[in-house]
C-alpha cells in the first residue's frame, strides 16, 4: 500500500512538472487541427451574443476570414473554436498560450507589448464616457465628484485614474470598478453610476443595444488614443506575420470595407462612419 | 516551462504595496462588521426556530432555508443590482449615491444575512441539544420565557457551538472575497488589480493567499481566546458521548 | 419599477438551461473528483508516516483558509505555467474545484474513518487482512455510510460554489443569466429566477440528506 502511494504521488508530480514543448502557434494549430480564438461577449459590435446566443461581431467575422486564410495556408481543414473572454483574461490567456489569438476590441499599448504581441491596427477609437442625456454632461471635467464606472484592468480605467491623479478632474471622480461592460451598463441604467467609461465605439455599441438608446449619449472628447489590434502570442514571428499578411489581404481585396459596412455602416448594428484618419491608416498599413 | 518572468518585488513596490494594504483593511473591516451583525441576527433567528410560537418558527425556518440554499454570489448580485429597485426611487438614489461606499454597505447587508442564516442553523442545533430540564428549571424559578432564553439558554447554546462558530467566522472572512465582483476594493480585488497593471498574476495572487492565511490564523487564535474566557468550568463535557 | 416581465425567461430558457447543465457537469466533476482525492488526503491525514502526514495536513489547512475565488484565479495563472502548455477554462475550473473541495471532503472522510471503532481494524488484521484490504473492504464502506449526511451537505455547498466559475467566464448558470441580462436588461426577473432554481435544487438535496439521516438512525 505504501509503495503504491509513493508511485502515485511520484506519477502526479511527474505529470505536473514535465515541460511541454511549445514550438509556435502555426505548428500548434496544425498539430491540433484547431484554431482557438478568444472573442468578447459584451463588446458591441466587435464581439457579442445575438438573439440565438451565438458569437457574432466585426472581430468575429474577421477571425472567420483569418480562419479561411489559415486553412488555405496549412492546406487542411482546421476547426475554428471561439472562446469567450473578458478584458481581464484576454492577455493572460494569450500569454500562456491557451488561445492562439484574441479577436476583440483590445487596445495596442506599449505596456502590453511586454507580455504579448499585436497585429496591425484594425480600428481607431479612444476613451469616452456614456451617460444619460438628462444629466447634461459635456466633458470629462463634469465628472468631478461624480461616480464613473470602468472595467477592471482596462486602459479606460487607467485613463480615468490618471485624470484623477493628474488633477485634471478636480475634485476627483469616484471610480467604481466592475468586471465587465455588461455590469457597468446595468449600473448606468440603474443610476448606480453617473457615467460609464470605455472606448467610444464600444459605448456606441452599448447604447445601440440598450432597451432605450435615446436615453443615452456619448459625452465629450476622446480622452485617449486607442488603436485596436488583435492579440497574438509573444515572440511568435511566424504566426504574427501570417496574421498581419492575412489582414492586409483582407484590406486590399475589399473584404475589410465590406465588413465595416456590415457592422458600422448606416444599416449596421452601430453606425459609425469611417473617419478620414482611419481610412488613411488602413491604406498605409497595407504593405505591398 | 512557459515564458513567465517572476518578479516578487511588485508586492511591496509603490503603489502596489499600498493598494494591497488598503485592500487588506477593507477585508478586515468587512469581515468584522458582517460577523457581528450576522452573529446577532443568527442568534435571534436560531432562537425563533425553537420557540413554542409557530409563526416565529416558520419565519425562522423559511429565512434559514432560503438564504442557505442560494449561492452567495447570486445573493450579492441580487442585493446590488436587483433589490434596490424595489425601494422608493428617492431612497434607492440615496443608497447608490448619497451613501459613501455604497458597494461596501450593500455587501454588508448581503453577506450578513447569508452568514446569519448559517449561524442560525448552528444555534438551533446547539439549543436542541440542551435538555428540556434546563428550560423547565428556569421557568420554575420564576423566569419568563424571554428571560429564560436571554440568561440561560442562549449563553449555554453559544458556548456549545463555539467550534462551528469559529468555522463560520473564518468563512465570513473568506466570503468577503466575493465582494470584488460588485466593485468592493478588498484584498482579492487588489490582487487582480495589481495583476492588471503588472501582469504578474502569480505573485499578486500568492500575496493575497498569504493575507487570507494570516487572517485565518488570527481568527482561530482570537476565537480560542474568546472560548477560554467564556468557558464555564465543568459545563460542557468533551468526552465521547453526550 | 414597472411590471415584471417573465417572458424574457421563457424566451431564453434553452440558453439558460444550457448554463444549468454546465453547472451540473462542473458540480459532478468537482464532487466526484474532490471526493476521490479527499479520500486519499483524508487517509493521509491519519497516516503515521511523517512524509505523508505533514504535506496532507499542510494542504488541507492551506486550502481551507483560502477563498475559493482566489484559488480559481490561482489555478488560472499557475496551471499553464507549471504544465508548460495551455489549458481550457473548463479544465482550469475543474482542477481548481477538485483540489479545493478535496480539502473539505478530506476532513469529512477523516472524521468518518475515525468514527469506526478500532475494534474493527484489529479484527480485520487478526483475520489476516493487510492495511490496503482493511481500508478497502472494511473501514471505508462503513465510514462512507456514516459520512453520507455530511457528504451530501458538502455536495450542496459544491453545487453552490460552481457559481464562482463566473469570474473566469465559464458559461455556467449564473453567467448565462448575466449574458441574457446584458441583452434584455431585466435584472430583477433574471436573478430572481437564478435564485429560485438554485433554491429548488439545493432545498431538495438538503431535504433528501435529512431523510437519509433519519432513515439511517432508524435502521441502526
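Bear in mind that the values in this text are calculations on the coordinates, not laboratory data. Please read these numbers as outputs of a predicted model, since none were measured by experiment. Cβ coordinates were reconstructed from backbone atoms using ideal geometry, including for glycine residues, and neighbour counts include every protein chain displayed.
Suppose R0 equals 51 Å. What FRET efficiency, 1/(1 + (r/R0)^6) with r the Cβ-Cβ distance, do residue C:53 and residue B:109 give to the nearest 0.05?
Values: r = 43 Å, r/R0 = 0.84.
Result of the calculation: an efficiency of 0.75.
What FRET efficiency comes out for the pair residue A:109/residue B:228, r = Cβ-Cβ distance, R0 = 51 Å, nearest 0.05? If you can, show how the numbers build up before the last one.
Numbers: r = 56 Å, r/R0 = 1.10.
Approximately 0.35, to the nearest 0.05.
For the stretch A:127-219, what D do you get in µm² per second when you plug the Kirkwood radius from alpha-carbon pairs into Stokes-Einstein at 25 °C and 0.890 mPa s? Let's see the in-between values first.
Numbers: Rh = 12.7 Å.
Result for D is 193 µm²/s.
Dividing the convex hull volume of the alpha carbon atoms of the protein assembly as shown by its residue count, what do you get in Å³ per residue?
Values: hull volume 141.9 nm³, N = 750.
Given the Cα convex hull of the protein assembly as shown, per-residue volume reads 189 Å³.
For the stretch C:7-219, count all C-alpha to C-alpha pairs, find those more than 20 Å apart, and express that count as a whole percent of the total.
Working: 14625 of 22578 pairs.
The proportion of pairs with Cα distances above 20 Å equals 65 percent.
Can you figure out the FRET efficiency of residue A:135 with residue B:6, using R₀ = 45 Å and their beta-carbon distance, to the nearest 0.05?
Numbers: r = 46 Å, r/R0 = 1.03.
So, using R0 = 45 Å, E works out to roughly 0.45.
Please report A:140, C:125, A:230 as a ranked list, fewest other C-beta atoms within 10 angstrom at the top and most at the bottom. It would help to have the intermediate numbers written out before the result.
Working: A:140 24, C:125 14, A:230 28.
Ascending number of Cβ neighbours within 10 Å: C:125, A:140, A:230.
With the cut-off at 1.5 for a/c, could you classify the stretch B:115-242 from its C-alpha gyration tensor as rounded, prolate or oblate? Let's see the in-between values first.
Numbers: a/c = 4.03, a/b = 2.65, b/c = 1.52.
Because a/c hits 1.5 or more and a/b exceeds b/c, the stretch B:115-242 counts as prolate.
In units of 2.2 N^0.38 Å, what is the alpha-carbon radius of gyration of the stretch C:74-197? Don't jump to the answer; show the numbers that get you there.
Details: Rg = 21.0 Å, N = 124, 2.2 N^0.38 = 13.7 Å.
Taking the Cα Rg and dividing by 2.2 N^0.38 Å, one obtains 1.53.
Which value in Å does the Kirkwood hydrodynamic radius of the stretch A:107-155 take, with 1/r averaged over all unlike C-alpha pairs and then inverted?
Working: mean 1/r = 0.0722 Å⁻¹.
Result for the stretch A:107-155 stands at 13.9 Å.
Which order do the peptides B:189-195, B:162-168 come out in when sorted by mean C-beta neighbours inside 10 angstrom, highest first?
On the way: B:189-195: 25.0, B:162-168: 17.7.
Final packing ranking: B:189-195, B:162-168.
Suppose we take every Cα in chain B and form the convex hull; what volume per residue is that in Å³? Before the final figure, lay out each step's value.
Values: hull volume 44.3 nm³, N = 242.
Per-residue hull volume (Cα only) is 183 Å³.
Order these by the 10 Å Cβ neighbour count, fewest first: A:49, A:123, B:151. Before the final figure, lay out the partial values.
Numbers: A:49 20, A:123 23, B:151 12.
The fewest-first ordering by Cβ neighbours comes to B:151, A:49, A:123.
Treating the angle as unsigned and between 0 and 90°, give the value, to the nearest 10°, between the Cα long axis of helix C:13-45 and the longest Cα principal axis of chain C.
20
Nearest 10 degrees, 0 to 90: what angle lies between the long axis of helix C:68-83 and the longest principal axis of chain C (Cα atoms)?
Helix C:68-83 sits at roughly 80 degrees to that axis.
Please give the helix A:155-165 orientation as an angle from the longest Cα principal axis of chain A, in degrees from 0 to 90, rounded to the nearest 10.
That helix lies at roughly 50 degrees to the long axis.
Expressed as a fraction of 2.2 N^0.38 Å, the rule-of-thumb size for a compact globular protein of N residues, what is the C-alpha radius of gyration of the stretch C:92-160? Intermediate results must be reported in sequence, preceding the final value.
Details: Rg = 14.6 Å, N = 69, 2.2 N^0.38 = 11.0 Å.
It is 1.32.
Using 0.36 nm per residue of separation minus the Cα-Cα distance, give me the extension gain between residue A:221 and residue A:276 in nm, one decimal. Numbers along the way, then the final one.
Working: separation 55, 0.36 × 55 = 19.80 nm, distance 1.72 nm.
Additional length available on full extension: 18.1 nm.
Extending each Cα 7 Å along its Cβ direction at residue B:61 and residue A:287, get the distance between those two points in nm, one decimal.
Distance between label points: 7.5 nm.
Cα atoms only, the stretch A:157-288: Rg and Dmax in Å?
In Å, with Rg to one decimal and Dmax whole: 18.1, 51.
With the crude spin-label approximation of a point 7 Å out along Cα→Cβ, what separation in nm comes out for residue A:165 versus residue C:200?
So the two model labels end up 5.0 nm from each other.
Between rounded, prolate and oblate, where does chain A land on the alpha carbon gyration tensor, with a ≥ b ≥ c its root eigenvalues, rounded for a/c under 1.5, else prolate if a/b exceeds b/c? Before the final figure, lay out the partial values.
Numbers: a/c = 2.06, a/b = 1.38, b/c = 1.49.
Here chain A falls in the oblate category.
Taking a quarter of the surface of the Cα convex hull of the stretch B:1-95, what do you get in nm²? It would help to have the intermediate numbers written out before the result.
Values: hull surface 45.8 nm².
The Cα convex hull of the stretch B:1-95, projected and averaged over all directions, gives 11.4 nm².
If each residue's Cβ is checked for other Cβ atoms within 10 Å, how do A:181, B:122 rank with the fewest at the top?
Working: A:181 29, B:122 22.
Taking fewest neighbouring Cβ atoms as first place, the list is B:122, A:181.
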